[in-house]
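Single-structure report; data block below.
The values are calculated or read from the model by the stated rules, or taken from the named source; none is laboratory data. Fair warning: this is a prediction, and the values are worked out from it, not measured in the lab. Cβ placement follows ideal geometry from the backbone for every residue including glycine, while neighbour counts extend to all protein chains displayed. Each accessible area value is taken on the protein alone, full model and side chains, heavy atoms only, with ligands, DNA and RNA left out. Shrake-Rupley method; radii C 1.70, N 1.55, O 1.52, S 1.80 Å.
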Amino acid sequence: MSTSCGNPNAESDALMPRRRKFDRSKLCIKCKINQGNIVIRHAVYCKDCFLPMMYNKIKRTIEPTINPTPEGPRKKNLNPSGNLVIAFSGGLGSTVLLDVIYRGYFSSRRPRGETNTLSEGKDPKKERVWKEGKVCYVEVCGAFHGMRDRTDDVRRIVERYDDLEFVPLRIEDAFDESWWESVDLILSPCSRNGTPLSALCNYLSSLPAPTAIPSTLQTLTRLLLLHTALSTHSSHLALGTCLTSLSISLVSLVAQGGGFNLKEEVQEEWSPDSLSRSKGRSVRVVRPLKDIVMKECAMYAWWKGLEIVGQETWPGARQGISRITKDFIIGLEKDYPSTVSTIARTCAKLSPKDHAVGTCILCNRPAQPGVQEWKNRISIRSLSTDPPVSSEKASLAPYLCYACHTTLTSKSSK
Amino acid sequence: MPRLCALCATQRPILKRPKTGQQICKTCFFHVFETEVHNTIVEAQLFQPGDRVAIGASGGKDSTVLAHVMKTLNDRYNYGLELFLLSIDEGITGYRDDSLETVKQNQKEYNLPLKILSYNELYGWTMDSIVEAVGRKNNCTFCGVFRRQALDRGAAMLGVDHIVTGHNADDVAETVLMNIMRGDIARLGRCTAICTKGEDTIKRSKPFKYTYEKEIVMYAYFKHLTYFSTECIYSPDAYRGHARSFLKLLEAARPSAIIDIIYSGEACEVSEEATKELKERKTCKRCGYMSSNDLCKACTLLEGLERGMASAGITDRGRKQLEASGPAPDGLRTIPFFQMNAQSPSQSAPDDGRDSAPPMPAVVGVEAG
């Protein structure tokens, strides 16, 4: 990219003065007393004001999603229909989320149903919102040879938070019939030799391209979390996706043909089947940090002294769609600082064009009609004009959404 | 045993199709390329027999191949279309002046009437002079806005019902990504439509909407078509360049990403709430073209150029500066009034006294008939 502005009147060697990051003063814009410690989108905050500001932003994001039905004109008490599962990946976002949720809704409040002293009365704001809270971690080292198992590191972090139960899972549990039985899902019997781990490795090695592996692991992780939440009678599954990560995942989803599910990527109401939905058995997936940028999360973690376990880099991840998108968006944000917020805002103004026809059997998200017909229409892959003869083997293709079908069929350029 | 073409299984393959990854022979490549465009046209019901269609021709690979394919399909499948070539001269030295020579060559090769309309005669400014006034960061905005109007005006002068442009799948995918990253909801809702039609604008379609840019290049190469292959000298600084480089990375990782992005764009629409925020379509008070505001973008940009405030149509500060300096003085150059001529050129256009359009430049080449 050329860096010249093209203005013929400017000296070619002139240095442009560095643009000031804040317009007026170095004082905190809230208290106007303290020297600022951090600049968030041109606004200066001191540490004392930043932390309450962040709690309030997260509260404003999560609290409208707590009650089963949206609030009417009168604000009601927070009364979810089940428990809470916090998904923990070891990354910055989920570490911050765990800390914020614990401080705001568990440690600072008494357990539900406990009678208390006369002085506090039955003030609902002093009572825990969810009766039980669990922290769920999915270990993916089984998918990659030689990757370190971090379950114990994560356990050490989570055990610092009393009253939250640690639920460790492994990615190969998705291929373990006994795990599915433990979460009350009865599968059709199938003959398979070998362990769940070998089944996982066979599945990953049969994928058509390396780019399919991160997408597949993401889908499997999401399904494990959702079923864990359902089986633990949890009404909410909280993910630590910050605004930066959300924008990256939205563009990544568009790049994989998942434009139909943009709304679900922000917040979704999931049930395993229509029968469960009719009985009110569902899990609401929420992202309480979706208005918090990565910088704010980083400063929170720093000031609170939180230990970040981190995430292992997956081999070949650099070629994955998500990683390419992440590098691009973060690079673009440096030249165009409002990119991340613009992407999230734009996607929030979009809605699916067609009605869904059922759910995808792989990712359990709404599936759009006519995926196969569209793909066949766009590309000619055979000279025969006869309709394809249905084979004896049942095909998954008609039951998949576009993104999952692409993941399972789209080859790399090599 | 040598590998055979994945489609006909009779000849040796000579290329790997970027879109599907299939290894196919030249004959099959021509067949699938042309047939897919034909299927796109038929599925979208783009044309009716007797339609007069202007092909936006720049001399580049997309429009050269488009002219070739449209002529081929028109003859092969009897679309019954009357085809014209329409070219816009933006006045970019070393780029457009050379590419127009290619268009003139195409005109002779395909025996189609050609009309060239220039920015200079329509607006009084060339892109070279605009870049001198504006710099290299926002000049593509001027070019895009001016070209769109110029195509409509040229098509109205030719009396055509329809304009087809060579926008390919890569262009559409880049536009989807760009509009998401820039928050342009209005354009995002329109950019994946294969055919756009407004009340006062000529129907405009993209038959190459699902055609990969790489395949267009391959088609031109194997068919030995002549085209001008230099990129616009001002394009490296455009915002679209970011979307393009991102798209190329995605394509390298997963070739189907281009089509997948188009599918994502088609799967969404602007939500009902957001639609209420969109500006309603009006008519420009100065030139009569379609507009979201009292003055269309082209008139705003031109006024800014004429009054020495080139950023008037680009930034909020420029717009305020223009508003603060009062109304436009008399005698300022303006764009001639636009009237979409629904009649054929053999019938005279209605004269309402307001039409100050410049005299129609001569149509170059043999009249179709």
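Considering only Cα-Cα distances, which of the following residue pairs are longer than 26 Å: A:Lys295/B:Lys248; B:Lys203/B:Lys223; A:Lys411/B:Lys71; A:Lys334/A:Lys411; B:Lys26/B:Lys214?
Check vs 26 Å cut-off fails for A:Lys295/B:Lys248; B:Lys203/B:Lys223; A:Lys411/B:Lys71; A:Lys334/A:Lys411.
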**Fill in**
Under the rule rounded for a/c under 1.5, else prolate if a/b exceeds b/c, else oblate, using alpha carbon gyration tensor axes a ≥ b ≥ c, the stretch B:174-253 is classed as oblate
**Asked** Relative contact order of chain B: what whole-number percent is it, with Cα pairs under 8 angstrom and at least 6 residues apart?
**Response** 19
**Asked** Mind checking the mean number of beta-carbon atoms from other chains within 10 Å of the Cβ atoms in B:179-191?
**Response** 4
**Tensor-based shape of the protein assembly as shown (alpha-carbon gyration tensor, a/c under 1.5 rounded, otherwise prolate or oblate)** = oblate
**Message:** Per 0.36 nm of contour for each residue apart, how much would the distance between A:Asp152 and A:Ser231 grow if the chain were fully extended, relative to their Cα-Cα spacing?
**Reply:** 26.1 nm
**Item:** Mean Cβ neighbour count within 10 Å, used as a protection proxy, ranking A:146-159, B:179-192 highest first
**Value:** B:179-192, A:146-159
**Item:** Relative contact order of the stretch B:281-338, defined on C-alpha pairs under 8 angstrom at six or more residues apart (%)
**Value:** 31
**Complete:** Expressed in square angstrom to the nearest 10, the accessible area of A:Leu350 with a 1.4 Å probe stands at 10
**Item:** Average beta-carbon neighbours from other chains, 10 Å sphere, peptide A:202-213
**Value:** 1
**Asked** By how many degrees, between 0 and 90 and to the nearest 10, does the Cα long axis of helix B:257-267 differ from the longest principal axis of chain B?
**Response** 60
**Request:** Please go through the residue pairs A:Lys134/A:Lys326; A:Lys59/A:Lys290; A:Lys349/A:Lys375 and name each one whose alpha carbons sit more than 22 Å apart in this structure.
**Result:** A:Lys134/A:Lys326; A:Lys349/A:Lys375
**Amide H within-cut-off set for B:Leu85, under 5 Å, with H built and near neighbours excluded** = B:Ile55, B:Leu114, B:Lys115
**Prompt:** With solvent modelled as a 1.4 Å probe, how much accessible area in total do chains A and B shield from it at their shared surface, in Å² to the nearest 100?
**Reply:** 4700
**Asked** Going highest first, how would you order B:320-329, A:299-308 by mean Cβ packing within 10 Å?
**Response** A:299-308, B:320-329
**Message:** Please list, by residue number, every one of the GluC sites (Glu not before Pro) in the stretch A:167-246 that is coil in DSSP and has at most 14 other beta-carbon atoms within 10 Å.
**Reply:** none
**Request:** Sum up the charges of everything whose Cβ sits under 10 Å from the Cβ of A:Pro208, counting Lys and Arg as +1 and Asp and Glu as -1, but leave A:Pro208 out.
**Result:** +2
**Complete:** Within the under-9-Å Cβ sphere about B:Ile259, not counting B:Ile259, Lys/Arg +1 and Asp/Glu -1 give a net charge of +1
**Request:** For B:Lys137, list the aspartates and glutamates whose Cα falls under 14 Å from its own Cα; do not include residues on the same chain fewer than 8 positions away.
**Result:** A:Asp335, B:Asp128, B:Asp237
**Item:** lysines whose Cα lies under 23 Å from that of A:Lys279, excluding same-chain neighbours fewer than 8 positions away
**Value:** A:Lys131
**Request:** Would you give the gap between the C-alpha center of the stretch B:243-262 and the C-alpha center of the stretch B:144-203, rounded to a whole Å?
**Result:** 21
**Fill in**
Quick shape check on the stretch B:281-338: root eigenvalues a ≥ b ≥ c of the Cα gyration tensor, a/c under 1.5 is rounded, otherwise prolate if a/b tops b/c, else oblate, and it reads oblate
**Fill in**
Inter-chain shielding metric for B:7-13, i.e. average beta-carbon neighbours from other chains within 10 angstrom, reads 1
**Most to least packed among B:84-95, B:287-298 [average Cβ atoms within 10 Å]** = B:84-95, B:287-298
**Request:** Apply the Karplus parameterisation 6.51 cos²θ - 1.76 cosθ + 1.60, with θ equal to phi minus 60°, to every residue of the stretch B:119-135 and state each ³J(HN,Hα) to the nearest whole Hz, in sequence, with x for glycine and proline.
**Result:** 4, 4, 6, 8, 10, x, 10, 9, 5, 4, 6, 5, 5, 4, 7, 9, x
